[in-house]
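Trainee: This is the structure I want to talk about, given as structure tokens.
No value in this document is a laboratory result; all are computed from the given coordinates. All of these numbers come straight from a predicted model, not from anything done at the bench. Counting neighbours? That spans all protein chains shown, and the Cβs are built from the backbone with ideal geometry, glycine included.
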Amino acid sequence: MLWLVYTYHLIERLIMKQQITVYNSEDFEEKHQDFIIALKQSMKKVEEFYNVEIPTEEIEYIYSYVEND
């Protein structure tokens with residue numbers, strides 16, 4: 001259920017072009033390339049349907065949430 005709420009807010013942020021800015025993705029991209037690829041593949045239909053692209057900062061936010069849950 002919580003994932004659905006997060007996904008709703010994610011899509012809303014992307015459509016409204018309000019990206020998360022608190023995450024610095026330079027180091028994250030190097031260390032977690034597998035997670036980035038897996039998440040992009042799993043969210044591909046969402047990106048296509050809403051015509052948005054999930055930025056690395058948002059993926060880092062998701063990773064942080066999953067890692068600390």
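Trainee: Report the full-extension gain for the segment Lys31 to Gln18: residue separation times 0.36 nm, less the Cα-Cα distance, to one decimal in nm.
Mentor: Numbers: separation 13, 0.36 × 13 = 4.68 nm, distance 2.53 nm.
Once the chain is fully extended between Lys31 and Gln18, it gains 2.1 nm.
Trainee: While we're looking at this one, here's another question. Could you rank the peptides 59-65, 11-17 by their average count of other C-beta atoms within 10 Å per residue, with the highest value first? Mind dumping the intermediate values first?
Mentor: On the way: 59-65: 17.9, 11-17: 12.7.
The most tightly packed comes first, giving 59-65, 11-17.
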